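Here's the structure we're looking at; comments come further down.
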Amino acid sequence: MILLDSGRVIDPANGIDGTRTVLIDGDHIREVREQPAMPAEKLVHQVIDCRGRWVLPGLVDLHVHLREPGEEGKETIATGARAAAAGGVTTLVAMPNTKPVCDSAALARFVAARGREAGFARVLPAGAITRGSLGEQLADMAELKEAGCVCVTDDGRPVMSAGVMRRALEYAGDLGIPVMVHAEDLTLSAGAAMNEGPIATRLGLSGVPAAAEVAMVQRDLLLAEMTGAHLHVAHVSAQGSVRAIRDAKARGVHVTAEAAPHHFTLTEEAVAGGLPRAHAGQPAADPYDTNAKMNPPLRAESDRQAVVAALEEGIIDAIATDHAPHGALDKQVEFVQAANGIIGLETSLALTLALVRSGELSLPRALERCTVGAARCFGLPYGTLGAGAIADVIVVDSEREWKVDPLRSWSKSRNTPFTGWTLRGKVVKTFVAGKLVHEESK
Amino acid sequence: MGSEMALEFPRHLLELETLTRGQIEGLLSLAARFKRERAKARAGETPADRRGLLRGKSVVTLFFENSTRTRSSFEVAAKTLGADVLSFQKDVSSVAKGESLEDTVRNLDAIGADALVVRHPAAGAPRLVARVVRASVINAGDGAHEHPTQGLLDALSLRERWGTLEGKTVAIVGDIAHSRVARSNIHCLSKLGAQIRVGGPTTLIPAGIERLGCTVARSLREALTGADAVMALRIQNERIADARLPGARDYARTWGLNAQTLTMLPKEALVLHPGPVNRGVELSSDVLDSPRSLVMDQVDSGVAVRMAALALCLRAEVPK
């Protein structure tokens, strides 16, 4: 057994926040108790002194791009999972927009198997909604589910046809598998490189209005309501989407939602080299920094605040990184041509804690959204330290300051807008199913 | 003025937004001198020979978009100052297939360019270039972002007519959304003390433009009433394809500048256009060719402003 002795255990799933000792027995949690490790236990078990540290359930990240198969130069399942372990993410959902798209059981099994081989984090595949994610014909969802897919999604692009989306929700509803949507009306976003507004106008970049997201969220909520299926809204970035999801939840629509750290940390100002108020002392990037380019784009401050409030309120259930590795060929180019997205697995927890420090989000809510709140979205049994649960546990030095250095990232890619930022809170140990997969040197 | 002013001028001319009024005025004064010298030469007099200013320097014009006026203007400016000029016209579509912008400009830099004059369809591209080369970078127009020398040449032409821009009102009418000329003019003219109004159909007014320091006029009458000058912007056919406009004629009905609509403008007010003009769409021929039109003077100012920009960015010692 491993005893994580006398740390501050915060386990939102079980309403615990206090000094506890966590007993890991093989691959599961034996118990979480108030009594510290006893001298006799120290003789027979591995006792890890966690005084002054936080002990948390491993993080659950519903939205990760691992790029394998097809773009192994950007990331592999092994390197992505390694970065996940370093960031305290013990369970991740691998997006299917690989090359080829994960729309068959063979590919889903490949992803899961590679994840198991790597062993750094639990890699759960997501399957496509439509064949090739082309938005036309349904993918083999029953087969995908059997192969271990925990949701279906055409992430990276929307299902533009409302008719196809309706059938997808019905079919997935029968199977009891959530449909994750990347909400974007492509006819409103065509040619756009960032959020529409004064910053885009000043920089001369074509903008996408928030309505491109909100209109699709509204459409999909209506279809989810009509079909009774489970809709999961990925990377919510707009105030209007929050409002729509709040209304839908109130009338009983089966919907869950996630938000990404970059959307609750940064605003569109980042594209012009500006810093958010809460991070005024951090090093600023140049204007047109392509690491500020994502889809959905960084939005206005009012949108950011709405997303944070929704996290607190529970309108948004999960914090998910949308970890999107890209190389220099895709990022060191003109802004309009640059690929969307940033890496995020190693900075997610510290950025979440920054929201807690700025007083915008309470600690229990913050941690719930990264752990059990996320797990519940897809009915996963993780993100909890309950007795008998799988022992995914992280030990965190909540006060440790560290500088984001993409050259030291475990990811193969370096595309982060947080380069040089000093963040507080670092994962020092990560256990997946009782096995130590990451340990931070001093 | 020479050296001390040169010291404070940036090495790259990427945008007017971040220049100070002093930097702009310094450049305009130098450009005014060059312009007078050009006029002398045209009149058959022998002006000061400026070929020593950039002797031994090479200026590379790198255009990823078609342009006749701006490129030849830069080339004449560079040659008048004695620089060696090399010009590259790159087809962006072929670039997209192969070499990245960064690699292209690193190569030109290695060949030994002292200044790179860059026009590119992507906003921010000159900044990307400036980050990777040793040469001075002069933005000759980047997407819908800025066209600094255009803003400066418009300011020069207006300043020569008016003495000062302080207290003047300039209306910019047309496709503001896609116009780098509008943005550079808003920054430049407002720093020099002018009030700027922009006008056009809502489909061509970008969100939040007033934050750049201008007001938005909802009609041509509102734009022109009491204005001291109006600048018409080119209306492009692409705007029909992307459903921003039903057509050129329909546009001209509400926003076209012609002899009749110009009665809304005070009699002494000036008319500008960055060119090339769609005669009969944003500007009618009779207006374009009228004495109130500054269009040909703008072209003349263009060469002078580009001489001044090259001289300042390349730290030429301009004698008094």
The Cα radius of gyration of the protein assembly as shown, divided by 2.2 N^0.38 Å with N its residue count, comes to 1.10
Taking A:F431, B:F9 and counting other beta carbon atoms within 10 angstrom, the fewest-first order is B:F9, A:F431
Placing each pseudo-label 7 Å from Cα in the direction of the beta carbon, B:A207 and B:T46 end up separated by a distance in nanometres of 6.2 nm
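Mind running the shape call on the stretch A:55-212? Use the C-alpha gyration tensor, a ≥ b ≥ c as the square roots of the eigenvalues: rounded below 1.5 for a/c, prolate if a/b tops b/c, oblate otherwise.
On the way: a/c = 2.01, a/b = 1.26, b/c = 1.60.
Oblate, because a/c is 1.5 or more while a/b does not exceed b/c.
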For A:K426, counting only aspartates and glutamates whose alpha-carbon sits under 18 Å away and dropping same-chain residues fewer than eight positions off, the answer is A:D11, A:D49, A:D61, A:E346, A:E368, A:D392, A:D397, A:E399, A:E401, A:D405, A:E439, A:E440
One would report the antiparallel percent of DSSP beta bridges in the protein assembly as shown, rounded to the nearest 5, as 35 percent
Over chain B, the sum of -39500 (n - 2.57) across DSSP H runs of at least four, divided by residue number and rounded to 500 deg cm²/dmol, gives at 222 nm -12500 deg cm²/dmol
Listed with the fewest Cβ neighbours within 10 Å leading, B:K40, B:K90 appear as B:K40, B:K90
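Taking the Cα centre of the stretch A:58-384 as origin and charging only Cβ (+1 Lys, Arg; -1 Asp, Glu), how large is the dipole, in debye to the nearest 20?
My answer is approximately 420 debye.
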Env charge @ B:R106, Cβ radius under 13 Å, K,R +1 / D,E -1, value -2
For the stretch A:58-384, the count of lysine pairs 8 or more apart or interchain whose alpha-carbon atoms are under 23 Å apart comes to 7
Taking Lys and Arg as +1 and Asp and Glu as -1, residues besides A:E301 with C-beta under 13 Å from its C-beta add up to -1
Subtracting the Cα-Cα distance of B:R11 and B:K267 from 0.36 nm times their residue separation yields 88.0 nm
With +1 on the Cβ of every Lys and Arg and -1 on the Cβ of every Asp and Glu, the dipole magnitude of chain B about its Cα centre, in debye rounded to the nearest 20, is 320 debye
Expected integer from the mean partner chain Cβ neighbour count at 10 Å over A:281-292 is 2
The equivalent-ellipsoid semi-axes of the stretch A:58-384, taken as the square roots of five times the Cα gyration tensor eigenvalues and listed largest first in whole Å, are 27, 22, 21
Whole-Hz Karplus couplings 3J(HN,Hα) for the stretch A:280-294, θ = phi - 60° and coefficients 6.51, -1.76, 1.60, Gly and Pro as x, run 4, x, 6, x, 8, 8, 6, x, 6, 5, 5, 6, 9, 9, 9
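Using a cut-off of 15 Å between beta-carbons, work out the net charge of the residues near A:V159 (Lys and Arg +1, Asp and Glu -1, A:V159 not included). Show your work: numbers first, answer last.
On the way: positive: A:R131, A:R157, A:R166, A:R167, A:R219; negative: A:D103, A:E136, A:D154, A:D155, A:E170, A:E184, A:D185, A:E213, A:D220.
Local charge sum for A:V159: -4.
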At R0 = 41 Å the Cβ-Cβ FRET efficiency linking A:D286 and A:D247, nearest 0.05, sits at 0.55
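Please give the direction-averaged projected area of the C-alpha convex hull for the stretch B:148-298, in square nanometres with one decimal. Don't skip to the answer; put the middle values down first.
Details: hull surface 30.9 nm².
Average of the hull's projected areas for the stretch B:148-298 equals 7.7 nm².
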Inter-chain shielding metric for B:197-208, i.e. average beta-carbon neighbours from other chains within 10 angstrom, reads 2
Partner lysines whose C-alpha sits under 16 Å from that of B:K79, ignoring same-chain residues fewer than 8 away, are B:K35, B:K57
About its Cα centre, the stretch B:102-146 carries a charge dipole, from +1 on Lys and Arg Cβ atoms and -1 on Asp and Glu Cβ atoms, whose size in debye to the nearest 20 is 60 debye
Taking chain A and counting helices only, DSSP H stretches of n ≥ 4 at -39,500 (n - 2.57) each over all residues, the nearest-500 ellipticity at 222 nm comes to -8500 deg cm²/dmol
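For Cα pairs less than 8 Å apart in space and 6+ apart in sequence, what is the mean separation divided by the residue count of the stretch A:194-338, i.e. the relative contact order in percent?
Reported relative contact order: 26 percent.
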Going from the fewest other Cβ atoms within 10 Å to the most, one would list A:T422, B:T70, A:T321 as A:T422, B:T70, A:T321
Cα extents of chain B along the principal axes, largest first, in whole Å, come to 53, 50, 35
Residues meeting the amide H criterion for A:D289 (H placed from the backbone, H to H distance under 5 Å, 5 or more places apart or on another chain) are A:G273
Rounded to the nearest 0.05, FRET efficiency between B:I111 and A:E312 (Cβ-Cβ, R0 51 Å) equals 0.35
Once both label points are put 7 Å beyond Cα along the C-beta direction, the B:R221-A:R357 separation in nm becomes 5.9 nm
Quick numbers on the stretch A:335-430, Rg and Dmax over C-alpha atoms in Å, give 15.3, 51
A:L222 and B:N237 label points (each 7 Å along its Cα→Cβ direction) are spaced in nm at 3.8 nm
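Bear in mind these aren't lab numbers, they're just calculated from the coordinates by the rules spelled out. Since we're looking at a predicted model, the values are computed, not measured. Virtual Cβ from ideal backbone geometry, glycine too; neighbours counted across all protein chains shown.
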